[in-house]
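Here's the structure, in structure tokens; my notes come after.
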Amino acid sequence: MTVEAEPLAAPRLRCWVPRGVYAPQADTRLLRRAIRREGITERTDVLDLGTGSGMLAVEAARLGGRVTAVDISWRALATARLNALLNGQSLRVRHGDLASAVPGRRFDLVISNPPYVPAPDTAPPRGPARAWDAGQDGRQLIDRICDTAPTVLRPTGTLLIVHSHLSGIDPTLARLEKAGLRAEVVDRALLPYGPVLRSRLTWLREQGLTADRETTEELVVIRAEHA
């Protein structure tokens with residue numbers, strides 16, 4: 001299924017994003033749509049892993065959730081806090097590497113829009129590329145989130161993660177199932193390659209990650225819960 005529009009218009013959120021922080025894009029909108037279906041209430045504890053601009057955390061808070069936003073970037077956390085204030089919402093922000101920032105805590109809903117773009121450079125990304133580069137297979141953070149999700153989810157909790165088909169949809173489903181979660185694709189969207197992917201087309205084709213004539217990227221939202 002290709003998602004072209006949200007079934008119900010979501011309120012417009014105010015957003016300010018400085019240089020070096022991932023600005024909301026199509027993947028953000030797709031995951032926001034999925035979040036709105038989860039029936040968040042004032043009793044829902046939400047964890048946003050890799051919050052970036054904080055807009056997904058703000059959406060969860062707007063729906064009533066008690067939201068903790070995590071990022072390894074201090075600039076991203078400051079941005080998330082500011083965007084929460086701009087929209088009249090409150091967030092708990094925690095600095096750290098994914099779930100290690102909230103040791104021992106469990107949540108009803110875990111959301112993540114992690115870096116997932118395959119990158120030819122094996123060195124750790126620097127600057128703005130930290131928001132999208134994720135190793136040569138694009139799974140540097142996805143695999144870690146899949147493996148640790150059961151440790152931060154309550155027994156009735158749910159994980160929502162968005163990423164590109166270029167980083168592998170089936171491997172994510174398989175990894176979540178291996179971790180003891182039941183997983184499925186709940187949303188899809190097709191869009192033209194953006195500037196980053198276009199700049200890497202030759203390398204992506206050499207790696208077999210995209211076909212010679214392929215010019216569109218499929219984004220998916222995967223939903224997982226305890227089996």
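Here are a few things to note about the model shown:
- The range 9-45: trypsin sites (Lys or Arg not before Pro) in DSSP coil with no more than 11 other Cβ atoms inside 10 Å: Arg12, Arg19, Arg43
- With the convex hull drawn around the C-alpha atoms of the range 2-143, the volume per residue stands at 116 Å³.
- Computed with a 1.4 Å probe over protein heavy atoms only, the accessible surface of the chain comes to 49 Å² per residue.
- Accessible surface of the chain, 1.4 Å probe, proportion on carbon and sulfur as whole %: 50
- Restricting the range 23-61 to GluC sites (Glu not before Pro) that sit in a DSSP loop and have at most 13 other Cβ atoms within 10 Å of their own Cβ leaves Glu42.
- Solvent-free Debye scattering, log10 I(q)/I(0), computed from the Cα coordinates of the range 98-175 at q = 0.21 Å⁻¹: -0.95
- The packing ranking, built from the mean of other Cβ atoms within 10 Å per residue, places the peptides 104-116, 203-215, 84-96 in the order 104-116, 84-96, 203-215, highest first.
- Cα-based radius of gyration for the range 7-62, normalised by 2.2 N^0.38 Å, reads 1.13.
- With semi-axes defined as the square roots of five times the eigenvalues of the C-alpha gyration tensor, the equivalent ellipsoid of the range 130-195 measures 22, 14, 11 Å, largest first.
- Shape of the range 64-121, Cα gyration tensor, a/c cut at 1.5: oblate
- Entry note, the range 47-106: relative contact order of 37 percent, from Cα contacts under 8 Å with a spacing of 6+ residues.
- Rg ratio for the range 88-130: its Cα radius of gyration over 2.2 N^0.38 Å, N being its residue count, equals 1.56.
- A P(r) calculated from all alpha carbon pairs of the range 74-227, with 10 Å bins opening at zero, reads 10, 35, 36, 18, 2 percent.
- Structural descriptor for the chain: relative contact order 20 percent, calculated from alpha carbon pairs under 8 angstrom and at least 6 residues apart.
- 5 Å-binned pair-distance histogram of the range 177-227 (Cα, whole percent): 5, 18, 19, 15, 13, 13, 13, 4, 0
The values are calculated or read from the model by the stated rules, or taken from the named source; none is laboratory data. Here the structure is a predicted model, which is why all the values come from computation and not from measurement. Glycine gets a Cβ as well: all are built from the backbone with ideal geometry, and neighbour counts include every protein chain shown. Areas reflect the complete protein model, heavy atoms only, side chains present, ligands, DNA and RNA absent. Shrake-Rupley method; radii C 1.70, N 1.55, O 1.52, S 1.80 Å.
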